[in-house]
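Structure first, commentary second.
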Amino acid sequence: RKEVEQDPGPFNVPEGATVAFNCTYSNSASQSFFWYRQDCRKEPKLLMSVYSSGNEDGRFTAQLNRASQYISLLIRDSKLSDSATYLCVVNQGFKTIFGAGTRLFVKA
Amino acid sequence: NAGVTQTPKFQVLKTGQSMTLQCAQDMNHNSMYWYRQDPGMGLRLIYYSASEGTTDKGEVPNGYNVSRLNKREFSLRLESAAPSQTSVYFCASRSQGNTEAFFGQGTRLTVV
């Protein structure tokens with residue numbers, strides 16, 4: 001079993017749609033959690049950290065459920081510019097572990 | 001603001017050749033990482049260095065060696081390149097605690 005698992009995707013949505021990404025992690029000792037965005041042929045960049053209380057940044061909302069070892073990302077009012085791969089990331093001690101990513105295509 | 005710098009950006013090797021990928025960060029981070037990313041896949045951890053003087057294996061260490069030269073630099077060496085090592089290699093660093101990782105721009109390596 002992979003340490004961090006994500007929806008395989010891809011997701012194809014129209015502009016303005018709401019889309020949700022799901023992620024689970026296997027190690028209950030994981031300490032911190034993030035969503036990264038990766039554009040084609042570019043390096044991953046931090047989208048947002050994920051906190052137990054949930055957090056929001058504009059159209060993006062991230063949630064963490066430690067009991068279920070589950071992380072989510074919600075994007076509201078999707079834009080064409082949101083098209084990218086979204087990576088779920090978990091810190092376990094000194095290791096930083098990535099999920100395989102979910103590709104999002106937003107269409108006009 | 002350089003952040004994490006990787007060299008080279010592109011490389012073509014013949015099977016059996018060796019090379020070293022260089023990575024340097026100027027953010028005074030303790031931990032550094034090497035990942036590989038294959039088409040349609042996420043980043044897989046090759047090796048990491050929690051702090052200067054230490055290195056540990058990640059998920060896919062076979063065929064690679066690393067050196068944490070000092071706090072700033074962490075190199076990845078392929079002793080005898082194989083076509084299966086064709087990939088995009090990313091270096092990253094982060095500070096201690098619950099912090100995010102910062103990435104270099106990647107090295108696109110092709111082994112023929």
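Any read-out appearing in this document is the output of simple, stated calculations on the displayed coordinates, not a laboratory observation. Keep in mind that what you see is a predicted model, and the values were worked out from it rather than measured. Backbone-built Cβ (ideal geometry, glycine too); neighbour counts: all protein chains shown.
Per-residue Cβ counts within 10 Å, from other chains only, averaged over A:98-104: what number is that?
Values: counts 11, 2, 6, 5, 1, 1, 0.
Partner Cβ neighbours, averaged per residue: 4.
Once you keep just the Cα pairs under 8 angstrom separated by 6 or more residues, what percentage relative contact order results for chain B? Let's see the in-between values first.
Numbers: 294 pairs, mean separation 40.0, N = 112.
Once normalised by length, the contact order is 36 percent.
Lys and Arg at +1, Asp and Glu at -1: add these up for the other residues within a Cβ distance under 14 Å of residue B:55 and post the number.
+2
Semi-axes of the equivalent ellipsoid for the stretch B:1-83, please: Cα gyration tensor eigenvalues, times 5, square-rooted, ordered largest first, whole Å.
Equivalent ellipsoid semi-axes, largest first: 21, 14, 13 Å.
Of the residues B:93, B:18, B:67, which exhibits the maximal mean-square fluctuation in a Gaussian network model of chain B defined by a 10 Å Cα contact cut-off?
B:18
Taking beta carbons within 10 Å but only from partner chains, what does the mean come to for residues A:80-89?
Average per residue, whole number: 1.
Take every Cα pair under 8 Å in chain A that's 6+ residues apart, average their separations, divide by the length, and report that relative contact order as a whole percent. Don't skip to the answer; put the middle values down first.
On the way: 270 pairs, mean separation 41.2, N = 108.
Normalised by residue count, the contact order of chain A is 38 percent.
Please list, ordered by chain and number, the residues whose modelled amide H lies under 5 Å from the amide H of residue B:3; skip anything fewer than 5 residues away on the same chain.
B:26
Looking at chain A, which Cys residues are left with no other cysteine's beta carbon under 4.7 Å from theirs?
A:40
Kindly put A:45, A:79, B:14 in sequence by how many other C-beta atoms sit within 10 Å of each C-beta, fewest to most.
B:14, A:79, A:45
Evaluate peptide A:38-44: per residue, the Cβ atoms of other protein chains within 10 Å of its Cβ; return the mean as an integer.
Details: counts 5, 0, 0, 4, 3, 14, 11.
Taking all residues of A:38-44 together, the mean is 5.
From the convex hull of the Cα coordinates of chain A, what is the mean projected area in square nanometres?
Mean projected area of the Cα convex hull: 6.6 nm².
Report the charge-dipole magnitude of the protein assembly as shown in Debye, nearest 20, computed about the Cα centre from +1 at each Lys and Arg Cβ and -1 at each Asp and Glu Cβ.
Once rounded to the nearest 20, the dipole reads 360 debye.
Report the number of Lys pairs in the protein assembly as shown whose alpha-carbons are under 15 Å apart, with separation of 8 or more residues or on distinct chains. Display every interim value, and only then the final one.
Details: A:2/A:95; A:42/B:9; A:79/A:107; A:95/B:57.
Step by step, the pairs that qualify in the protein assembly as shown add up to 4.
First select every other residue whose beta carbon is under 15 angstrom from the beta carbon of residue B:69; then total the charges, Lys and Arg +1, Asp and Glu -1.
Here the charged neighbours net out to +1.
Among B:43, B:76, B:21, determine the one that fluctuates most according to a GNM of chain B built with springs between C-alpha atoms less than 10 Å apart.
Highest fluctuation among the options: B:43.
Could you line up A:1, B:94, B:44, B:77 from fewest to most neighbouring Cβ atoms inside 10 Å?
On the way: A:1 5, B:94 20, B:44 17, B:77 13.
In order of increasing Cβ crowding within 10 Å: A:1, B:77, B:44, B:94.
Gap in Å between the Cα centre of the stretch B:36-97 and the Cα centre of the stretch A:23-75?
Answer, in whole Å: 23.
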